[in-house]
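Worksheet: the structure to be examined is printed underneath.
The values are calculated or read from the model by the stated rules, or taken from the named source; none is laboratory data. If you're wondering where the values come from, they're calculated on a predicted model, not measured in any experiment. A quick note on method: Cβ atoms are made from the backbone with ideal geometry, for glycine too, and the neighbour counts reach across all protein chains shown.
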Amino acid sequence: MADLIKLALDVGFSHAAALDPSTLRALPEVRDMCAANRCQRYGHSWSCPPACGSLEETAAAMARYDGGVLVQTTAQMADDFDVETITQAQKLHKERFFTLTRQVRLLVPDCLPLTAGTCTLCRTCTYPDKPCRFPAKMLSSMEAYGLLVSQVCQDAGLPYYYGPGTLTYSSCILIKEGDMP
Ligand code: SF4
């Protein structure tokens, strides 16, 4: 796992730590938050609920793994309304995670990356009219799988909140340790 953490830090993430998939819980409360649709992606993407699977299915998918890495991008905002920093940090985190996922998939093709936010590979998602354009590259979010991100951070030994004025995006990649070269 040290190799994955080093890879993540080399990609540019602010923080990275080993994650134990046995601690992950797919929670109905998180799915309820998705269903409230504040992000307006519920029912609008193959990567999001309900298309990404029931909680039973996402829990079963995560239970296939016995190792993983949690990665974070932390930014310092000028104030609570610093939209520019929020937007840049989100974009940077997604770029870093896309790069890390591409590299980890070369090492461990059967891994499960869970990003922050909806899949943004396509300008417009094909859901529900046509199949996903890139099912092998599509990225679901930690929340879509029912994970309470603050709890996952705590269980992995990383802060969820780095103090006043900071903003942190978190994502993870699950692997089977025996698949690591
Ligand atoms: S890859 Fe494209 S079609 Fe598939 S979930 Fe992502 S945005 Fe939608």
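Below is a table of values for the structure above.
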read-out: Single condition Leu4 does not satisfy, out of (1) closer than 29 Å to Thr126 by Cβ; (2) in contact (Cβ under 8 Å) with a residue 12 or more places away in the chain; (3) surrounded by 15 or more Cβ atoms within 10 Å (Cβ to Cβ); value: (1)
read-out: Subset tally (residues that are crowded, with 22+ Cβ neighbours inside 10 Å and more than 11 Å from the chain's Cα centre (by Cα)) for segment 167-181; value: 1
read-out: Number of the condition not met by Asn37 [criteria: (1) part of a loop (DSSP other than H, G, I, E, B); (2) surrounded by 13 or more Cβ atoms within 10 Å (Cβ to Cβ); (3) modelled with pLDDT of 95 or more; (4) more than 14 Å from the ligand (Cβ to nearest atom)]; value: (3)
read-out: In segment 104-118, the residues that are more than 16 Å from the ligand (Cβ to nearest atom) and either part of a strand (DSSP E or B) or surrounded by 14 or more Cβ atoms within 10 Å (Cβ to Cβ) (or both); value: Val104, Leu107, Val108, Cys111
read-out: Cross-chain or 6+ apart pairs with Cβ under 8 Å, segment 26-48 first and free of Cβ contacts under 8 Å to residues at least 40 places away in the same chain, then more than 16 Å from the ligand (Cβ to nearest atom) and outside any loop (DSSP other than H, G, I, E, B); value: Tyr42/Ala35
read-out: Any hit, segment 136-143, residues being within 13 Å of the chain's Cα centre (by Cα), assigned to a loop (DSSP other than H, G, I, E, B) and acidic (Asp, Glu); value: yes
read-out: Among (1) out of contact with any Phe, Trp or Tyr (no Cβ under 7 Å at 6 or more places or on another chain); (2) of a type outside the set (Val, Ile, Thr); (3) in a helix (DSSP H, G or I) - the single one Arg96 does not satisfy; value: (1)
read-out: Condition broken by Ser45, with the remaining ones in (1) in a helix (DSSP H, G or I); (2) among the polar types (S, T, N, Q); (3) surrounded by 15 or more Cβ atoms within 10 Å (Cβ to Cβ) satisfied; value: (1)
read-out: Residues that are closer than 20 Å to Pro28 by Cβ and either without any contact (Cβ under 8 Å) to a residue 40 or more places away in the chain or among the small types (Gly, Ala, Ser) (or both), drawn from segment 123-181; value: Ser140, Ser141, Met142, Ala144, Gly146, Val149, Ser150, Gln154
read-out: Residues of segment 7-34 satisfying the condition of being touching a Gly at 6+ places or on another chain (Cβ under 9 Å), crowded, with 19+ Cβ neighbours inside 10 Å and part of a loop (DSSP other than H, G, I, E, B); value: Leu19, Leu24, Ala26
read-out: Test: residue in segment 57-73 that is in contact (Cβ under 8 Å) with a residue 24 or more places away in the chain and over 22 Å from Arg25 (Cα atoms); value: yes
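Table: residues versus (1) in contact with a strand residue (DSSP E or B) (Cβ under 8 Å, 6 or more places away or on another chain); (2) of a type in the set (A, V, I, L, M); (3) more than 22 Å from Asp20 (Cα to Cα); (4) surrounded by fewer than 20 Cβ atoms within 10 Å (Cβ to Cβ).
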{"position": "Thr87", "(1), (2), (3), (4)": "no, no, yes, yes"}
{"position": "Glu95", "(1), (2), (3), (4)": "no, no, yes, yes"}
{"position": "Thr120", "(1), (2), (3), (4)": "no, no, yes, yes"}
{"position": "Cys125", "(1), (2), (3), (4)": "no, no, yes, no"}
{"position": "Glu143", "(1), (2), (3), (4)": "no, no, no, no"}
{"position": "Gly165", "(1), (2), (3), (4)": "yes, no, yes, yes"}
